[in-house]
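The values are calculated or read from the model by the stated rules, or taken from the named source; none is laboratory data. Just so it is clear, the model here is predicted, and its values are computed rather than measured. Quick reminder, even Gly has a Cβ in these numbers, built from the backbone with ideal geometry, and neighbours come from all protein chains shown.
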Amino acid sequence: MMIGTLLVDKDNKIVSPVSAYQPPKDVVSLTQRITQDYSQAVSLQQKAFTEFNDMSLLDRADLDQKRWNAYREPQSADIDEAWRWNGIRPITRNRIIGIVAQMTSKIVIPAPFAQNDKDEIDRTAALVMRDLMDYNIRNSNYVEDYIMWITDALVNPAAYLGVGFFEATQTIKEENEGKISKKEVIDGVLSGFQTNNIPLDEVLIGNFYQRRLERQRFVIRRRYIDYDEAKSLKGDHDNFQYVQPGIKEIFNSNTNMFYDVVDENIPTLCEELTYYNRLEDAEIPYMNGVYVGDKDTEANRIKHRDNEDRPKYNFAVLGYEDINSRFFYYKSAAWKLGDDDELVVRTEQLLADATFLSTIPPTTTSGVGQLSEAIMIPGKNTAFENPDAKIQPIQLGGQLTTAFNLLLAKERNMSESTQDPMMSGIQAGAPKTAREAVLLAENAKIALGRFGNMLVNSIKKLGGLIIDVILQHQTIAEVEEISEGQTVEKWKTFVLSDVSEGDMKTTHKIMFKPEMMGQEMGEQGVMNKSHELLKQEGGVDSDMRIYEVNPEAWHKLKFNIVLDVEELLPKVLAQPLSPEFNQQFPNQNIPQQNQQMPQQQIAK
């Protein structure tokens, strides 16, 4: 989109058809500037970097994804090579799934805390915010997206999880007195609070050596969507009439005109591009190169904002291990395991080939011509007329033990890079003693602790984005027309069932009450009437909790996220070794990787 190749004749004259889309000068000027940033970002994705072992971002990601998918090279068509085994044991995939299983054994909801304008803690407000976050998580794809986010971070140089509030429409058919009519309504699938995994190549940045996403001068989100989905999002825009599936609008600065260019890769799709510039507070949308933003180009503000009306990029980035202190992208687990994985796979293939050769060895003959392979069929008798005919097998495969030892050594190396297979529920080698099992758990905790800290930081940012959506879109009044020329403000009520409170399940009902605005807050903060309502509903023994919230005071609160890495790990990993355990199981048969570890570090 916006960049492409125009068709020219032998005289270098443009022969691509002139587009019917010819926007005003302010849109042309804006498009030219964004095209420059877009071209820069695309070239960076395709440039080789030392940090990627002299590969580009896209090539690095492609190789790591092949290892994750246990990509198998096609069988050779050469008859002399076709017999070789090219199967692949998915070692990298299994290790990564093991880490994902550990890190997602508990789906974490970030815990908020609230402060008022006097920097006093408002605990009840924090509980209500947690309920609202839980409400959105239950009513979205958060759990699935959260798991895929962590998986993507282990496979790719970076993983993105987006958060937003969307409004899309769909056409429905209504029957009235036997007649069918069409009506535009809010699309319940595409609208409301949404989380979504963003593929690596869909996020383009301007500086690979700026570590923090929020400090990038600009970020571009580019994705392909169905034309009908694009229409539901931007179909009411005046310029959408120029958006055609499979056709891009390319601007040429020499002629100062737009041209139609057919993109055969997306014959039925539409390329949506959104340009974000946080410092300029700009969010500029395009569909197949057509501007579909505000009529006033200066009015395109970033939609995602915090409760102090500051713009923010609406996705959180996550990676497995830092490459260095300044590079934006990360070293994935698939990349880290890559060399050992490649050697293990190659060794296993050679072992399989050697086993084939040892089981049915190739032969040499003397005294006769070349013999058919059919004589090797078990139980078959073959007679030779020449009494001097001899068949001599070629004995191979004498180095199988050496190959097996190499396999064991490399798999131990892979355990050091990630975690032992036993932590994924797979028994590897001889059964472990109780002490060995706990020490392996402690090693896994240490190994996953670094990635856990990375995940904690990203979840905090993700939680902040969720809070922004709640404050900006869900806890404000909606204007509803009740009759011609008359409107009324409506505030949404949230009901959250099956909330655990000790041994009982309760239902929480959150109501935003505009009549409370302007009142002085008592000890209950923004919820100064909730205690009275609890009495009306049966007191603290009731299974219903009702919170009436002052919208004005609510939006003045400062919300922050509290999270510790221990909350991410399963209990078996989160619990330290006790002194009683060390006394019961003395220091013996400790796995090799623990022998150099001080005892106080193991028992931390």
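Assuming Ala114 fulfils every condition listed in (1) out of contact with any strand residue (DSSP E or B) (no Cβ under 6 Å at 6 or more places or on another chain); (2) at pLDDT below 90; (3) surrounded by 15 or more Cβ atoms within 10 Å (Cβ to Cβ); (4) closer than 30 Å to Phe494 by Cβ apart from one, which condition is it?
Of everything listed in (1) out of contact with any strand residue (DSSP E or B) (no Cβ under 6 Å at 6 or more places or on another chain); (2) at pLDDT below 90; (3) surrounded by 15 or more Cβ atoms within 10 Å (Cβ to Cβ); (4) closer than 30 Å to Phe494 by Cβ, Ala114 misses just condition (1).
Only one residue in Arg95, Arg89, Arg84 is assigned to a loop (DSSP other than H, G, I, E, B), within 26 Å of the chain's Cα centre (by Cα) and farther than 27 Å from Glu552 by Cα, so which one is that?
Going through Arg95, Arg89, Arg84 in turn, the sole match is Arg89.
For the stretch 326-348, which positions are modelled with pLDDT under 90 and part of a loop (DSSP other than H, G, I, E, B)?
Listed by number, the list is empty, since nothing qualifies.
Scanning for something within 19 Å of Glu167 (Cβ to Cβ) and in contact with a strand residue (DSSP E or B) (Cβ under 7 Å, 6 or more places away or on another chain), does the stretch 213-222 turn up at least one residue?
yes
State whether the residues of the stretch 245-268 include one that is farther than 25 Å from Phe327 by Cα, surrounded by 18 or more Cβ atoms within 10 Å (Cβ to Cβ), touching a helix residue (DSSP H, G or I) at 6+ places or on another chain (Cβ under 8 Å) and aliphatic (A, V, I, L, M).
Checked the stretch 245-268: no residue is farther than 25 Å from Phe327 by Cα, surrounded by 18 or more Cβ atoms within 10 Å (Cβ to Cβ), touching a helix residue (DSSP H, G or I) at 6+ places or on another chain (Cβ under 8 Å) and aliphatic (A, V, I, L, M).
So for the stretch 303-319 (the condition being crowded, with 19+ Cβ neighbours inside 10 Å, aromatic (Phe, Trp, Tyr) and in a strand (DSSP E or B)), does at least one residue qualify?
Yes: the stretch 303-319 contains one or more residues that are crowded, with 19+ Cβ neighbours inside 10 Å, aromatic (Phe, Trp, Tyr) and in a strand (DSSP E or B).
May I ask you to list the residues in the stretch 131-174 that are acidic (Asp, Glu) and either crowded, with 18+ Cβ neighbours inside 10 Å or assigned to a helix (DSSP H, G or I) (or both)?
Once the filter is applied, which keeps residues that are acidic (Asp, Glu) and either crowded, with 18+ Cβ neighbours inside 10 Å or assigned to a helix (DSSP H, G or I) (or both), the stretch 131-174 yields Asp131, Asp134, Glu144, Asp145, Asp152.
Checking Asp59 against (1) at pLDDT 95 or above; (2) more than 30 Å from Asn94 (Cα to Cα): exactly one of these is not met. Which one?
If we test Asp59 against (1) at pLDDT 95 or above; (2) more than 30 Å from Asn94 (Cα to Cα), just (2) comes out false.
When you scan the stretch 183-197, do you find a residue that is out of contact with any helix residue (DSSP H, G or I) (no Cβ under 7 Å at 6 or more places or on another chain), of a type in the set (Gly, Ala, Ser), at pLDDT 90 or above and part of a strand (DSSP E or B), even just one?
Scanning the stretch 183-197 turns up no residue that is out of contact with any helix residue (DSSP H, G or I) (no Cβ under 7 Å at 6 or more places or on another chain), of a type in the set (Gly, Ala, Ser), at pLDDT 90 or above and part of a strand (DSSP E or B).
Suppose we filter Pro74, Pro24, Pro17, Pro90 for residues that are farther than 25 Å from Val219 by Cβ and touching a strand residue (DSSP E or B) at 6+ places or on another chain (Cβ under 7 Å); which single one remains?
Pro17
Condition check: surrounded by 21 or more Cβ atoms within 10 Å (Cβ to Cβ), β-branched (Val, Ile, Thr) and within 25 Å of Ala168 (Cβ to Cβ). Does Ile284 satisfy that?
Against the criterion (surrounded by 21 or more Cβ atoms within 10 Å (Cβ to Cβ), β-branched (Val, Ile, Thr) and within 25 Å of Ala168 (Cβ to Cβ)), Ile284 qualifies.
Which of the residues spanning the stretch 230-280 are over 28 Å from Tyr313 (Cβ atoms), touching a residue at least 60 places away in the same chain (Cβ under 8 Å) and outside any loop (DSSP other than H, G, I, E, B)?
Tyr242, Asn252, Met257, Phe258, Tyr259, Asp260, Val261
So Lys47 ticks every box in (1) more than 30 Å from Val100 (Cα to Cα); (2) touching a residue at least 24 places away in the same chain (Cβ under 8 Å) but one. Which box is left unticked?
With respect to (1) more than 30 Å from Val100 (Cα to Cα); (2) touching a residue at least 24 places away in the same chain (Cβ under 8 Å), Lys47 is out only on (2).
Please give the number of the condition Ser232 fails out of (1) farther than 15 Å from Thr31 by Cα; (2) modelled with pLDDT of 90 or more; (3) within 27 Å of the chain's Cα centre (by Cα); (4) not β-branched (Val, Ile, Thr).
Checking Ser232 against (1) farther than 15 Å from Thr31 by Cα; (2) modelled with pLDDT of 90 or more; (3) within 27 Å of the chain's Cα centre (by Cα); (4) not β-branched (Val, Ile, Thr), the one that fails is (2).
Could you tell me whether any residue of the stretch 129-152 is small (Gly, Ala, Ser) and in contact (Cβ under 8 Å) with a residue 60 or more places away in the chain?
No: zero hits.
If the requirement is being outside the structural domain of Val262 (by TED's automatic domain parsing), assigned to a helix (DSSP H, G or I) and either at pLDDT below 90 or under 30 Å from Tyr142 (Cα atoms) (or both), which of these qualifies: Gln65, Gln40?
Going through Gln65, Gln40 in turn, the sole match is Gln65.
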